[in-house]
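Engineer: The structure under discussion is supplied below as structure tokens; questions concerning it will follow.
The values are calculated or read from the model by the stated rules, or taken from the named source; none is laboratory data. Values in this document were obtained by computation on a predicted structure and should not be read as measured data. Here Cβ is always computed from backbone atoms with ideal geometry, including for glycine, and neighbour counts include all displayed protein chains. When the accessible area is computed, the model is the full protein with side chains, heavy atoms only, and any ligands, DNA or RNA have been set aside. Shrake-Rupley method; radii C 1.70, N 1.55, O 1.52, S 1.80 Å.
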Amino acid sequence: MSDLIKELDKILIKKTKIKDLDFVIELENAPENRDNVFQWSKEKHIEAINDEDILHVIIEDKKNKKIGYAIVAGLQSDNKSIEIRRVVIDKKNEGYGSEFLKLMKIYTFEDLKYHKLWLDFFATNKKVEFLYKRQGFKKDGVLRDRYYNNNRYTSIVVMSILDKEYFA
């Protein structure tokens, strides 16, 4: 049985296995990612993998090379709302992030028939805000000084896209 969940032109996503966690932890600890993503222990990632409400996935290119990972929550949401909790791509500026967002919109709105796809990110990460806007996400608001991370308070921006906006 394949662990393939979904694929598009440039990427495919597969369920994360325990053996993938060294890659995941290395990626979130990479210098270019440390300021934009929380660093979790292996145990915390294992909890997420085993949680039925969470989809923890490896993102691969079409040559089956690992290029990132993502954590998505709300699979059992009574509110029909999916949250992209984390998406980290190793190869930046090659369209993989856009492709992942397209795939998540298809999964959320066409496969699950859910109402909302949402995410948040550190307000200092302006580059991803532009990406999310290009993908149709609207800014819901800013939670000021929401997290204490890397010895400083960090605000987060919340953005979402609704099913009616996706299908418009």
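Engineer: Restrict the search to region 67-168; then list the GluC sites (Glu not before Pro) that DSSP places in a loop and that have at most 15 other Cβ atoms within 10 Å of their Cβ.
Structural biologist: GLU94
Engineer: Classify region 1-77 from the C-alpha gyration tensor, please: rounded if a/c falls under 1.5, else prolate or oblate depending on whether a/b exceeds b/c.
Structural biologist: Oblate, since a/c reaches 1.5 and b/c is not below a/b.
Engineer: Hey, what's the chain come to in accessible area per residue, 1.4 Å probe, Å²?
Structural biologist: Here the per-residue accessible area is 56 Å².
Engineer: Can you tell me the mean projection area, over all orientations, of the convex hull of region 43-168's alpha carbons? Units nm², please.
Structural biologist: 8.7 nm²
Engineer: For the chain, what is the charge dipole size about the Cα centre, in debye to the nearest 20, if Lys and Arg each add +1 at the Cβ and Asp and Glu each add -1 at the Cβ? List each step's numbers first, then the result.
Structural biologist: Details: 32 positive and 29 negative charges, 105 e Å.
Around 500 debye, computed over the chain.
Engineer: Just flag the trypsin sites (Lys or Arg not before Pro) in region 1-49 sitting in loop per DSSP whose Cβ has no more than 13 other Cβ atoms within 10 Å.
Structural biologist: Sites meeting the loop and neighbour criteria: LYS17, ARG34.
Engineer: Right, next: Restricting to DSSP H runs of at least four residues, report the calculated mean residue ellipticity at 222 nm for the chain, -39500 (n - 2.57) per run over all residues, nearest 500 deg cm²/dmol.
Structural biologist: Using -39500 (n - 2.57) per qualifying helix, the result is -7000 deg cm²/dmol.
Engineer: With the full set of protein chains in place, find how many percent of the accessible area of the chain is carbon and sulfur; take the probe as 1.4 Å.
Structural biologist: The nonpolar share, carbon plus sulfur, comes to 47 percent.
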